[in-house]
Amino acid sequence: MAPNRLAQEKSPYLLQHANNPVDWFPWGEEAFEKAHREDKPIFLSIGYSTCHWCHVMEKESFEDYEVAKLLNEAFVCIKVDREERPDIDNLYMTVCRLMTGSGGWPLTIIMTPDKKPFFAATYIPKENKFGRAGLITLIPQIQKLWRDQRDDLMKTVGQITTVLKQISKDHNVESLHESILKTTYQELHQNFDENHGGFGNKPKFPSPHNLLFLLRYWNRNNQKEALEMVEKTLQNMHAGGLFDHIGFGFHRYSTDEKWLLPHFEKMLYDQAMLTLAYTEAYQITKNKDYEIIAHKVFSYILRDMTAPDGGFYSAEDADSEDEEGKFYLWTEDEIKEVLGKDASLIIKTYNIQKDGNFTEEATDTKNNKNILYINKRIDMIANELGISEQDFYSRLSKAREKLFEHREKRVHPHKDDKILTNWNGLMIAALAKGSRIFGEQKFIDAAQKSVDFILTKMRQSDGRLLHRYRDEEAAIMANLDDYAFFIWGLIELYETTFDVHYLQTALDLNKDLISYFWDDKYDGFYFTPDDGEDLIIRQKQSYDGAIPSGNSIALLNLIRLGKLTANPEFEEMASKMVHLFASRIKQSPTAYTQFLIALDFIIGPTYEVVIVGDSKAEDTKKMLQALTQHFIPNKVVILRPQEIKSPMIDNLTGYTKNHTSINRRATAYVCANFNCKSPTTDINEMLTLLNVGNTIQSDHQAGVE
């Protein structure tokens, strides 16, 4: 049949549905005008291109002519890519959670032509099953309600709209104190899986911001258990099937509590946030395993997820050839065929079984396929094989490369190649910090290339950012996450390169963020700009879910930019944000761990460090390097290059103009909690002023090839 209107879109998700018999519309006035004209409700379906259950619902229902006929007769049908339009997704996901108590994708909303919802669900089967009403049953029922009981439906609409408006107006002004950090730690500790790491039961998500919070709690309180929780989680996530041991990178989440059976899609944001956790864990423990794992993830990003012009792609699907995980699974016979005599090493290391270890979630039965995972220390496996660890690593690396080359010949999962400003911002931040701590130039090169891409391809002539780029088109007005995450990346890039251009750009974009997103009446940042599309409500988000909230990152950005430039207005705004969201956070602190990372910075001790010296001189490089070798999360660092007569940094900070080097040597100016110390040319004295203790050596040397 002829393609529907989605064939004209850029989104890979919308294009996947372009040949459905459902008469899909993209979100826009044409659809709403038709709904008004024909007096039909809207059937809104929200998902994303790498979503497994979105694929299931498409094949089961949206490609089915019987279902399509019912949908086309009863509704005006709209498809939305949640990654393109997170504003729409956030709003109606809130509705779904209000109405059903849970959420997820695909998200199904039925609403009036005025965009006001009266029904919400996630995946809906074609026929009644799994205790869910099927579309065949549901559509005629809703059609009848719309025709015969419109008044009752409109009462539901009014109630939902009222609740949404109440939620959006969080005007309670309270305070948060250091005690909330302890409460959060205690709740995480209570919810911690001591056997396998991570939090809660299955399904189990990585939640890297929880780990980043715990590292700061360890740093603040010398709480040994906090660091142990992080290490247990990091090691078990990598050892399990959650990690792709052949091609690298982490899958989205584990369907079991042991990190063995993943949901196989790979998301850019997970790679970014997890590498930050492994990088900081390395910084604290100096455990080389964490450095190796971070390098592997970055290698995957640079190899498979980087556009030729520099932006980072969004995701890779869980499915290939209509089977979830098929690309990643192996039979024992296949491994033997590829590796020959070296097969035994892979079979023992990664627990390959003749009859398979992969249990299909839908049927709870095994086939002869295997997920690769590690459940023993590497030195123990080498000993069992009767070889040295050095020989073991060498052979394992070569065998892995052979398996990778063989796997490359398989049908690859679909890659969502759109480039999103917000997720690129996260990866820029991760690469910049990784380059700073590991000393890898290729990481900073990739981060800079992504920044250049966004600033040249995804920025309007007036300086404002756009959200999505694909197929030579940048579109969709940027949201809070785009600005906050990208500014975060720019700040990390400045503190790695000390190129003032990045700090200036961060300040320029932060100015736009405040101008278009800040609530002058009640404080905090809205998710959408004041000149954005008029939805039912304008939301403010602070919940840290699969990715941190824009308000959480914007809060940390304000603090850091305020410290870097001595701008008290930024710190005042940060204080207002803490008061605004305090009541939400007190109710469920573990849902706001990224926000509390910013609070940890505010509470202090906080440090401003200005290094003055020749930027190319060895003593300056060593002083800067000393700062990266220690975990000092609540600091900002400025380089004032002495070889330049009037360095540009002075125009942004003001207070650095009178900072000079002592006897032409690299000199550190350290201020702590609004109290500045005497400058020093001694690295150890600088570290003492920063209250740096001894590096903690990890007790868990698992061994990673």
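Odds and ends about this structure:
- On the stretch given as region 556-594, residues that are assigned to a helix (DSSP H, G or I) and more than 22 Å from residue 498 (Cα to Cα) total 25.
- Of the residues 552, 542, the single one that is among the polar types (S, T, N, Q), at pLDDT below 95 and either in the same structural domain as residue 27 (by TED's automatic domain parsing) or crowded, with 20+ Cβ neighbours inside 10 Å (or both) is 542.
- Any hit, region 303-318, residues being over 17 Å from residue 416 (Cβ atoms), among the basic types (Lys, Arg) and assigned by TED's automatic domain parsing to the domain that holds residue 242: no
- Selection within region 365-423 - charged (D, E, K, R), in contact (Cβ under 8 Å) with a residue 60 or more places away in the chain and part of a loop (DSSP other than H, G, I, E, B): 377, 410
- When region 9-24 is filtered for residues that are touching a residue at least 12 places away in the same chain (Cβ under 8 Å) and over 15 Å from residue 69 (Cα atoms), the ones remaining, listed by number, are 9, 10, 11, 12, 13, 14, 16, 17, 18.
- Within region 174-192, the presence of at least one residue that is at pLDDT 95 or above, more than 19 Å from residue 595 (Cα to Cα) and buried (at least 18 other Cβ atoms within 10 Å of the Cβ) is confirmed.
- Pairs, first without any contact (Cβ under 8 Å) to a residue 24 or more places away in the chain in region 131-153, second surrounded by fewer than 17 Cβ atoms within 10 Å (Cβ to Cβ) and not hydrophobic (A, V, I, L, M, F, W, C), C-beta under 6 Å, six or more apart: 134/127; 134/128; 137/128
- Of the candidates 656, 660, the single residue that is β-branched (Val, Ile, Thr), part of a loop (DSSP other than H, G, I, E, B), modelled with pLDDT under 90 and farther than 30 Å from residue 397 by Cα is 656.
- Taking region 176-288 as the region of interest, none of the helices (runs of 4 or more DSSP H) fully inside it holds 3 or more residues being within 25 Å of residue 357 (Cβ to Cβ), of a type in the set (Phe, Trp, Tyr) and under 17 Å from the mean Cα position of the chain (by Cα).
- On the stretch given as region 1-22, residues that are closer than 21 Å to residue 105 by Cβ and part of a helix (DSSP H, G or I) total 6.
- Taking region 309-333 as the range and being assigned to a helix (DSSP H, G or I), more than 16 Å from residue 349 (Cβ to Cβ) and more than 29 Å from the chain's Cα centre (by Cα) as the test, only 333 passes.
- Matching option when the condition is crowded, with 20+ Cβ neighbours inside 10 Å and in contact with a His (Cβ under 7 Å, 6 or more places away or on another chain), among 75, 62: 62
The values are calculated or read from the model by the stated rules, or taken from the named source; none is laboratory data. Note that the structure is a prediction, hence the values are computed from the model and not measured. Neighbour counts run over all protein chains shown; Cβ positions are idealised from the backbone, glycine included.
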